[in-house]
Structure formats: structure tokens, C-alpha cells
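Read the figures in this text as sums done on the coordinates, not as results from a lab. Note that the coordinates shown come from a computational prediction; the quantities given were computed from them, not determined experimentally. Glycine gets a Cβ as well: all are built from the backbone with ideal geometry, and neighbour counts include every protein chain shown.
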Amino acid sequence: QIINCLRSAIHFITIPDNLRIHEFWDWWVNSIPSTDTPHSFNFYFSTTSDLSKVSLRIDGQRDVLHQTMIDFFNQVEAPPSEISRLSSYNDAFSPSSLGYWIEMSCKGGMDGGWYDPCCTDYNETIDVVADYGPCIDILRSWAKDNNLEQCLRLRRDMGAVPPRQTEVLFALPGLDFEDQLDAGLRAWQTFKIPDMPDSALEILKKSRYKGLLLSVVVSSEGFVRVGIQAPQPMIDIVIKSCQLTNCDENVFAAFE
């Protein structure tokens with residue numbers, strides 16, 4: 001039912017001219033374990049406000065999904081070195097859960113990779129997952145200064161051409177919303193990332209969501225993207241965010 005909903009709402013997936021996108025989508029959908037299996041899986045979907053780019057991911061019990069992931073990455077001809085990295089991570093840390101993801105855009109862009117959705121020891125795992133660059137030392141120092149030894153998620157990009165990206169998701173420190181937001185904004189300054197637009201910051205401040213997260217994406221060349229996340233936002237926050245980009249919030253009606 002979820003897959004059919006996405007197929008109907010994200011029109012560029014089924015446009016005849018997008019044969020590579022359509023093939024990539026089918027490979028991923030067909031790789032998803034059958035609903036007849038006794039194991040449960042978590043399915044996630046995210047999109048840009050204009051539905052021009054979508055991201056889908058699924059995670060579950062490691063010993064159930066690991067070989068499925070390997071088979072999928074072999075089918076899409078992911079770099080052998082990256083498949084070996086996944087296997088090395090699996091062997092070294094034996095995570096309870098693993099997941100894999102894909103991204104597609106209306107312009108024909110495609111990407112994919114794997115992730116560990118569980119709380120992990122950042123200092124132990126980052127060196128196995130990420131390609132080294134000076135930003136790794138900066139990120140490690142920032143995490144130490146904020147007493148952050150655990151991350152909530154590690155995600156690895158398996159694109160055909162380097163530099164490949166690694167995302168680290170942290171729970172921002174602080175007892176209340178103000179402390180967490182301040183910690184997030186200070187991280188942007190530490191990483192020398194351009195300031196968040198004032199209009200977006202104002203929406204975030206008004207939300208007052210306790211439990212803010214910080215997503216940090218790095219590559220061997222430096223910091224790629226940093227974002228403050230408010231999990232499970234109320235619909236009014238989603239609408240206001242859409243209005244920032246002059247997009248029609250009604251496009252999300254199909255997902256309600």
C-alpha cells in the first residue's frame with residue numbers, strides 16, 4: 001500500500017522517459033523482503049517540498065537484511081570496495097539492525113547506500129565508515145567538547161564516483177529547547193557552515209521541539225551539509241516550511 005501511494009504521488013518515478021529511474025526503483029522495490037516473513041521492518045520516506053527528489057530507506061534485523069543488501073548493491077553495480085566496507089562494518093560491530101536506502105531526483109540523479117539505525121559508539125565506528133579528511137578531526141573534537149560519545153545513526157553513500165559521503169546523526173545536548181538549539185547553532189559555527197536562513201530559524205524557534213537532532217554529512221573533502229532536525233513535526237510546521245520555498249503544501253495530502 002505504501003509503495004503504491006509513493007508510485008502515484010511521485011510522478012517522475014513512472015514517466016516512460018525515465019527508464020533508468022524506473023529500473024532503479026523496481027530493483028529496490030523487488031529487493032524488499034516479502035511481507036510473509038515473520039520479521040518486522042521499518043520503512044521511511046522523505047522528499048523535498050516540490051517532490052523533485054525522494055529518499056526511501058528500510059531497516060530491520062541485521063541477520064535478515066544483510067545478504068539482501070549485498071545482493072541489491074551487487075545488482076546495481078555498487079563499487080566492490082564499498083560493499084567490502086559494509087561487510088567489514090558488519091563483521092567488526094555486529095549491529096543488531098542494518099538498513100539500506102536510495103535517492104532519486106526528477107533530473108535523473110540516483111544514489112544509494114547503507115546505514116546503521118542504532119545508537120553506536122561514534123569514536124569506534126566513524127573510522128570504519130567514513131573516508132578520512134580534516135573534518136573528521138573537527139567533528140570528533142566537537143563531539144568530545146559536547147560529551148557526545150554516541151550517535152543515533154551512521155549512514156554511508158555508495159555512489160560510483162568519490163568523494164563519497166557519510167552522515168552522522170547526533171542528539172543535541174541540553175536539558176531544554178534553548179540549550180539544544182544553541183548547541184546546534186554553535187556546531188554550525190564550529191564547522192564553518194553558512195548560517196541557517198533567518199526565516200527557517202524563526203520557524204524552528206517557534207516550534208520549540210525538545211529533542212532536536214543534528215545531522216552532519218562529511219566527505220574526504222570536508223563538511224558537505226549540516227542540518228538541525230525536529231523529529232515528527234506538527235503539520236503547521238511542515239506547511240510553514242513549504243511556504244518558505246513557495247511550494248504548495250497540498251502536494252503532501254497524498255501522504256496523510
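Points to keep in mind about this one:
- Mean separation of Cα contacts under 8 Å, 6 or more apart, over the residue count of the chain: relative contact order %: 15
- Test item: Cα-centred dipole of the chain, Lys/Arg +1 and Asp/Glu -1 on Cβ, debye: 240
- Stokes-Einstein diffusion coefficient of segment 116-183, Kirkwood radius over Cα pairs, 4 °C, 1.567 mPa s, in µm²/s: 100
- Residue-by-residue Karplus 3J(HN,Hα) for segment 80-90, coefficients 6.51, -1.76, 1.60, Hz, glycine and proline x: x, 5, 6, 5, 5, 5, 4, 5, 5, 5, 4
- Segment 1-98: C-alpha gyration tensor shape, a/c 1.5 cut-off, then a/b vs b/c: prolate
- Rounded to whole Hz, the Karplus (6.51, -1.76, 1.60) HN-Hα couplings of segment 70-75, x for glycine and proline: 4, 4, 5, 5, 5, 5
- Here is the size of the chain from its Cα atoms: Rg then Dmax, 18.6, 52 Å.
- Of the residues 47, 58, 80, the one whose Cα sits farthest toward the positive end of the charge dipole of segment 1-86, with +1 on the Cβ of Lys and Arg and -1 on the Cβ of Asp and Glu, is 47.
- Residue (of 162, 95, 67) at the positive-pole extreme of segment 67-168, dipole from beta-carbon charges: 162
- For chymotrypsin sites (Phe, Trp or Tyr not before Pro), the sites in segment 43-149 that DSSP calls loop and that have at most 12 other Cβ atoms within 10 Å are 132.
- Added length on full extension, which subtracts the Cα-Cα distance from 0.36 nm per residue, residue 150 to residue 200: 15.2 nm
- Segment residue 248-residue 87, extension gain: residue separation times 0.36 nm, minus the distance between their alpha carbons: 53.7 nm
- Computed about the Cα centre, the dipole magnitude for segment 157-224 is approximately 80 debye when only Lys and Arg (+1) and Asp and Glu (-1) carry charge, each at its Cβ.
- Segment 231-253-segment 3-19 distance, computed between alpha-carbon centres (Å): 22
- Residue-averaged 222 nm ellipticity for the chain, from DSSP H runs of 4+ at -39500 (n - 2.57), nearest 500: -12500 deg cm²/dmol
- Distance from the Cα centroid of segment 76-132 to that of segment 142-182 is 15 Å (rounded to whole angstrom).
- Here's the picture: charge each Lys and Arg Cβ at +1 and each Asp and Glu Cβ at -1 in the chain, and of 252, 8, 30 the one pushed furthest to the positive end of that dipole is 252.
- Label sites at residue 140 and residue 8, each approximated as a point 7 angstrom past Cα along Cα to Cβ, lie 5.1 nm apart.
- Of the cross-linked pairs 53/144; 144/210; 144/206, those separated by over 27 Å at the C-alpha level are 53/144; 144/206.
- Integer Hz, Karplus 6.51/-1.76/1.60 couplings in order for segment 232-246, x for Gly and Pro: 6, x, 5, 4, 5, 5, 4, 4, 5, 5, 4, 5, 4, 9, 6
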